[in-house]
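Each value in this text was obtained by applying a stated rule to the coordinates, not by laboratory testing. Not measured: the values here are computed from a predicted model. Ideal geometry is used to build each Cβ from the backbone, glycine not excepted, and the neighbour counts take in all protein chains shown.
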Amino acid sequence: MADRMYVIIAGAGKVGWNLARELLEKGHEVTLIEENRDRYATVEQELEHNIQYGDASELWVLERAGIERADMVIAVTGDDEDNMLICQVAKEKYGVERIIARVNNPRNREHFDLLGVSPVVSATDLILRLIEHEVPEYGLVHLLDLAEERLEIIEMLLADDAPAAGKRVGDLDLPAGTLLISVLRDREGFVPTADTVLQAGDEILAVLDPKLEEDLTAYFGPAGERR
Amino acid sequence: MFILIVGVGRVGASLARTMLREGHEVSCLDEDPESHARLEIGLEKPWEDLGGQFTVGTGLEIEALRAAGIERADAFVASTDGDNTNIVIAQIAKRRFGVPTVIARVLDPFRAEWYEAQGVHTICPTRVAIDMLEQEVRAAAKRAAGIAPPEGPVDFEHDEV
């Protein structure tokens, strides 16, 4: 790792503790903040001065931890409201440039967005994503979300009776804002052109505006099957 | 007007009763169904019979907020027992639903002060208590120094000699 960063981590649960340990090993400066006295005492035996006792949503606790000079604040407590508040305060009051928040309940993700707290990490979402990858629903897998660009990269398996099967890419008249970037056929990948004729069983990567997902599955999913 | 109160503790319940009595439409949201009983303390009739509304759910659940009527709320009060919850749901009410008047109860004076400056209207009971105590102690100090009468405030008219 390049520069040595000063990272404040709120919450010394399993995630926070392991994160602190890894970052310390990489040579960064870390302060972990934990409000549970017993948990603090346990972790303090290993991390010593790298952990402080207190409620990280209290401004003086953050200030005592030196938030003014922090390069990054990571909020990984088990409470979403706490994580939102800690990151909002870090960013807006103390001007911390990089924040990362943990989302415990995926339904709260929209609230993090509303408060301008991003990026967020949700274990539930990550596992759901993995399940989706293993068991694709409607043959569509999310590979990458480019949140700022409002784009995503997806992988689709061209269904046997999909409207696009047997057609030239140029004749598909795909919605504006979508682009096919690669085709994997018989274990061989290539970049499709307008003349490429798609075949059932092709694995297609596409970059698109997330809003157009349903439009696109209308071309590549099984005929007549719409959510 | 239509008032939505999230968090039916002592403060929320008392405010809800008063506002209902003063002729407003009041809807309460609390995650604990048992808090409904607190609403009815001292009431002659059930809360609903008097026109009150009660919904079980949290202020982070959009569906619960909708069921409690947030979309037509003129005022929103966040009075749960969690400062951070109140600050977050007040911002949801304001930014997402555009409720005209939003007030959050925040016990921590520092957080209350900062969010107030950011445009989230906060009421800080701790601040009020601190101010009152400071006044009382200052008055006591003056009395001790002989500047003020020994017992204050003194009601001369009704003072029995």
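Some observations on this one:
- Each 10 Å bin, from zero up to the one with the longest distance, holds this percent of the alpha carbon pairs of the range B:2-123: 15, 49, 30, 5, 0.
- Near the amide H of A:L151, within less than 5 Å, lie the amide hydrogens of A:L146, all on another chain or at least 5 residues away, with H placed in the peptide plane.
- Couplings for the range A:205-216, taken from phi via the Karplus curve 6.51 cos²θ - 1.76 cosθ + 1.60 with θ = phi - 60°, read 9, 9, 10, 7, 6, x, 5, 8, 3, 5, 4, 6 Hz in order; Gly and Pro are left as x.
- Per-residue average of Cβ from other chains inside 10 Å of A:76-83: 3
- Against the rule of thumb 2.2 N^0.38 Å, how large the Cα Rg of the protein assembly as shown comes out: 1.34
- B:V26 long-range amide H proximity, modeled H, under 5 Å: B:I3, B:Q53
- Whole-angstrom gap from the range A:163-181 to the range A:25-86, using each part's C-alpha centre: 50
- Cα-based radius of gyration for the range A:6-122, normalised by 2.2 N^0.38 Å, reads 0.96.
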